[in-house]
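Asks: The structure follows.
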């Protein structure tokens, strides 16, 4: 029971032992998925413009998306990865996040 207007505070705070809460700086992958709509040259253009990839790297990633169905095009902190996914969507590409 508390006094007037007071609240009970715990004697101790138990920190979670969950691995996700411990590894807050773990990077996230931006995954672009294959689609039947966008031209290969357009996908290369987007990868170069958004991520600054060289033409060779952008082409390799585009071919990976085309042949394997997906490619990791960027890795970084969660906030940046979320921005990158939204940017891919704004260019009409299908993208998601996954933990690195």
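Asks: In what sequence, highest mean first, do 34-44, 82-92, 55-65 appear when ranked by Cβ atoms within 10 angstrom?
Replies: Top to bottom by mean Cβ count within 10 Å: 55-65, 82-92, 34-44.
Asks: Explain nothing, just the number: relative contact order of segment 26-99, from Cα pairs under 8 Å at least 6 residues apart, as a whole percent.
Replies: Once divided by the residue count of segment 26-99, the mean separation gives 54 percent.
Asks: Apply the a/c threshold of 1.5 to the C-alpha gyration tensor of segment 26-99 and tell me whether it is rounded, prolate or oblate.
Replies: Prolate shape, in that a/c is at least 1.5 and a/b is the bigger ratio.
Asks: Based on the Cβ-Cβ distance from residue 60 to residue 26, what FRET efficiency comes out when R0 is 35 Å, to the nearest 0.05?
Replies: 0.85
Asks: Compute the length gained on full extension between residue 41 and residue 83: take 0.36 nm times their separation in residues and subtract their Cα-Cα distance, giving the result in nm to one decimal.
Replies: Fully extending the segment from residue 41 to residue 83 adds 12.8 nm.
Quick note: the coordinates plus some simple rules give every number you see, no bench work behind them. Owing to the predicted nature of the structure, the values given are computational and were not obtained by experimental measurement. Note that we place each Cβ from the backbone using ideal geometry, even for glycine, and neighbour counts take in every protein chain shown.
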